[in-house]
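Before any comments, here is the structure.
The values are calculated or read from the model by the stated rules, or taken from the named source; none is laboratory data. Bear in mind the structure is a predicted one, so any value in this text is a computation, not a measurement. Every residue, glycine among them, receives a Cβ derived from its backbone with ideal geometry; neighbour counts consider all protein chains shown. Each accessible area value is taken on the protein alone, full model and side chains, heavy atoms only, with ligands, DNA and RNA left out. Shrake-Rupley method; radii C 1.70, N 1.55, O 1.52, S 1.80 Å.
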Amino acid sequence: MITKATLQDIPALNILINSAYRGETSKKGWTTEAHLLEGKRTTEEELTEMIQDPKNTFLKYTENDQIIGSVLLVEKEHQLYLGMLTVSPELQNSGIGKKLLAEGEKHAKTLGLSSIIMTVVSVRAELIAWYKRHGYVDTGAREAFPSSDIHINVSDKPLEFIYLEKCV
């Protein structure tokens, strides 16, 4: 079931998102960034700010009272920004990500927004290909990957974000 996340969901969301993107547990899934980045993907403080922002909708995918997927949707002028699409590493490739993506598209239409935009780390070819199979196109826009105490680059390749977009 896909519903809106609440402040009570933050501890579970934090564990899920960090386990899917970074560290050893993320290597069980195909969307890991562990070979590129060390550190945490997010924090409880960051998630609290996101959930409290009225422009944001944080959705959770729950099964048997356990959060196994999530996605952040941010209302921007005429677009919806989609970020932090997450599925538990053990359950990736089971259609949950596709359902969350579809829910994001439905949300954009509900808000009357014309497209969805997202950023993906440029060297994530398999992930970019997955989004392209779901109708997203490379806009050509690029943005430097932020360096911080949280996102520690361990790749020998320079990282940048590419922008993908889909009209809805």
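Only helical runs count toward this figure. For the chain, summing -39,500 (n - 2.57) over DSSP H runs of n ≥ 4 and dividing by all residues gives -8500 deg cm²/dmol at 222 nm. If a/c stays under 1.5 just call it rounded; otherwise compare a/b with b/c (prolate if a/b is bigger, oblate if not). Do that for the chain, with a ≥ b ≥ c from the square roots of the Cα gyration tensor eigenvalues. Note, shape of the chain comes out rounded.
The convex hull around the C-alpha trace of the stretch 38-80, projected and averaged over every direction, spans 4.3 square nanometres. Only one residue of Leu85, Thr48, Leu113 has its Cα farthest out toward the positive end of the dipole of the chain, where Lys and Arg carry +1 and Asp and Glu -1 on Cβ, and that residue is Leu113.
Taking θ as phi - 60° and the Karplus parameters 6.51, -1.76 and 1.60, the scalar couplings of the stretch 46-58 work out to 5, 4, 4, 4, 5, 5, 7, 6, x, 7, 9, 10, 10 Hz in sequence order, x denoting glycine and proline. Taking all protein chains together, Phe161, Phe58 sort by accessible area into Phe161, Phe58, largest first [probe 1.4 Å]. Mean separation of Cα pairs under 8 Å and 6 or more residues apart, divided by the residue count, gives the chain a relative contact order of 22 percent.
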